[in-house]
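Before any comments, here is the structure.
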């Protein structure tokens, strides 16, 4: 686990500062007003998504105890679980909506994690960094990509494969393809 995931306050600061608060704005744009009976935030981290959503049952899963402690302190009503996105401790179809907010790119097997999210929920929302059109490729891969890998452990996402897992998908790019939001519904091979 990267050092930044053991320091939730530093994580929140770095996330906001290095994205020029764009990551927070996109989270707000996509999630504000989202209402469901049950919601699972996969890679809940410090709980930044939890204040944007409304659900009778709010669950979060993360591999960092410190991140879970920070999220629990901020949102005492949420049920938080120490666990892996690759093996969610939930029954099939037990959650209405699952969210990956900048957490998919740090997973070792992102496609498997999305498949697992589709197993436990009927809708999966992915908010993630993409390959921006306004930043030259060499700068993105050699400088910014390496920074993301060193600090967060992040890699580029194969969105085509992830989108192929669902029966229905909606995909949008934001900020010159810096960010991508994908909404998946219904697993193809359930």
Inset, instruction - Collect the residues in segment 27-44 that are surrounded by fewer than 17 Cβ atoms within 10 Å (Cβ to Cβ) and in a strand (DSSP E or B), keeping them in residue-number order. - result: 34, 35, 37
Inset, instruction - Spot the failing condition for residue 104; the list is (1) closer than 17 Å to residue 19 by Cβ; (2) free of Cβ contacts under 8 Å to residues at least 40 places away in the same chain; (3) surrounded by 20 or more Cβ atoms within 10 Å (Cβ to Cβ), and only one is missed. - result: (2)
Inset, instruction - Just give me the residues in segment 30-52 being farther than 19 Å from residue 119 by Cβ and touching a residue at least 40 places away in the same chain (Cβ under 8 Å), in sequence order. - result: 30, 31, 34, 45, 48, 49
Inset, instruction - Hey, could you check segment 63-77 for residues that are in contact with a strand residue (DSSP E or B) (Cβ under 8 Å, 6 or more places away or on another chain) and farther than 16 Å from residue 9 by Cα and say which is surrounded by the most Cβ atoms within 10 Å (Cβ to Cβ)? - result: 63
Inset, instruction - Scan segment 123-136 and give yes if some residue there is surrounded by fewer than 15 Cβ atoms within 10 Å (Cβ to Cβ) and in contact (Cβ under 8 Å) with a residue 12 or more places away in the chain, otherwise no. - result: yes
Inset, instruction - Tally the residues that are in contact (Cβ under 8 Å) with a residue 40 or more places away in the chain and within 17 Å of residue 117 (Cβ to Cβ), restricting the search to segment 63-91. - result: 4
Inset, instruction - Report the residue count in segment 90-101 for those that are surrounded by fewer than 22 Cβ atoms within 10 Å (Cβ to Cβ) and in contact with a helix residue (DSSP H, G or I) (Cβ under 8 Å, 6 or more places away or on another chain). - result: 5
Inset, instruction - Could you run through segment 94-114 and say how many residues are over 19 Å from residue 64 (Cβ atoms) and in contact with a strand residue (DSSP E or B) (Cβ under 7 Å, 6 or more places away or on another chain)? - result: 4
Inset, instruction - Looking only at segment 157-172, decide whether some residue is part of a helix (DSSP H, G or I) and either out of contact with any strand residue (DSSP E or B) (no Cβ under 7 Å at 6 or more places or on another chain) or over 16 Å from residue 127 (Cα atoms) (or both). - result: yes
Legend entry - segment 8-17 - residue that is in contact (Cβ under 8 Å) with a residue 12 or more places away in the chain and more than 15 Å from the chain's Cα centre (by Cα) and, of those, farthest from residue 74 (Cα to Cα): 14
Inset, instruction - Looking at (1) closer than 26 Å to residue 7 by Cα; (2) at pLDDT 80 or above, find the lone condition where residue 173 falls short. - result: (1)
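The values are calculated or read from the model by the stated rules, or taken from the named source; none is laboratory data. Quantities reported herein were computed from a predicted structural model and do not represent experimental measurements. Ideal geometry is used to build each Cβ from the backbone, glycine not excepted, and the neighbour counts take in all protein chains shown.
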